[in-house]
Structure formats: structure tokens, C-alpha cells
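What follows is one structure encoded as C-alpha cells, with my remarks underneath.
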Amino acid sequence: VSLFSLLVFLRYQIYYGYPLETYLEYPIVIAQDVILLYCIMYFNGKVRRALFYAVIFWVSWYLLTLQKWIIDLAMNLCTFVSAASKLVQLQHLWESKDSGQVSALTWGMSVYTSASKLQTT
């Protein structure tokens, strides 16, 4: 879900011609996420699925800018999708009663970055 948000944000910035300094970190973070996801799928024996997701990634990259309203709608939905994914994670943690390796500091940093993203968007 966060990869979707990063992809949309990067494409939005490029589409509207924002200065490179405003979004330079996003290609690096996207590459990091893609490499991490590929490694996870590789070690789980799901390389074909990883290639399928790579194709979806590239197709969505071009579909976002077919028309202006698509990229605008996707950008507006990013906050909702991100918040919904956090709620699903919290619901799962609540039902399982097991936070695993998640610490209060990690959740605090996540809440802070999400709140700051809402403030700057």
C-alpha cells in the first residue's frame, strides 16, 4: 500500500513539473521497497508473482497519466488508502493480541510521519 502511495506521489510530482528537490527521495525509497519485496518473494519461492507485480507496477505508472483527472483522483485517494491500511493493521493486531516485534516507538514514528504527510499534502 505504501508503495502505491509513493508511486502516485512521484508520478504526480513529475506530471505537474515540480522541482526535483521536492521529490528526489521518492525514487530511492521506491527502489528500496521494490528490492525488499523482490527479496522476500525470492526467498519464499514466488519469483513469478514478483514479476507479475513488477508488470502491474509499470503498467500503473503509465495509466496514471492517461488523463489529468486520473492522477488527481489517485493523489487524493492516497491519504485514504494509507489510513485504511493502518486501520487494517491495527485491527489485525487487536484481534490477534500479538504485536510481534512492533514497539511503541515504531508506532509513534509511523503516526508522526503520517500526520506530517497529512499536514504537508
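The values are calculated or read from the model by the stated rules, or taken from the named source; none is laboratory data. Fair warning: this is a prediction, and the values are worked out from it, not measured in the lab. When we count neighbours, we look across all protein chains shown, and the Cβ atoms used for this are built from the backbone with ideal geometry, even at glycine. Quick note on the areas: whole protein, heavy atoms, side chains included, nothing else; ligands and nucleic acids left out. Shrake-Rupley method; radii C 1.70, N 1.55, O 1.52, S 1.80 Å.
Data overview
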quantity: Per-region count, the stretch 72-121, residues open to solvent by 90 Å² or more (accessible area, probe 1.4 Å), modelled with pLDDT of 75 or more and among the hydroxyl-bearing types (S, T, Y); calculated: 1
quantity: Close pairs from the stretch 18-45: first touching a residue at least 24 places away in the same chain (Cβ under 8 Å), partner open to solvent by 50 Å² or more (accessible area, probe 1.4 Å), Cβ under 9 Å, at least 6 apart; calculated: D33/S2; V34/Y53; L37/Y53
quantity: Inter-residue pairs, beta-carbon under 8 Å, first touching a residue at least 12 places away in the same chain (Cβ under 8 Å) and in the stretch 85-98, second part of a helix (DSSP H, G or I) and open to solvent by less than 80 Å² (accessible area, probe 1.4 Å), 6+ apart; calculated: S85/S2; K86/S110; K86/S114
quantity: Qualifying positions in the stretch 36-54 - within 14 Å of L3 (Cα to Cα) and exposed (fewer than 12 other Cβ atoms within 10 Å of the Cβ); calculated: L36
quantity: Conditions (1) part of a helix (DSSP H, G or I); (2) surrounded by 13 or more Cβ atoms within 10 Å (Cβ to Cβ); number of the one not met by T65; calculated: (1)
quantity: The one condition in (1) among the aromatic types (F, W, Y); (2) under 13 Å from the mean Cα position of the chain (by Cα); (3) at pLDDT 85 or above that Y18 fails to fulfil; calculated: (2)
quantity: Complete set of residues in the stretch 21-70 that are at pLDDT below 85 and small (G, A, S); calculated: A50, A54, S60
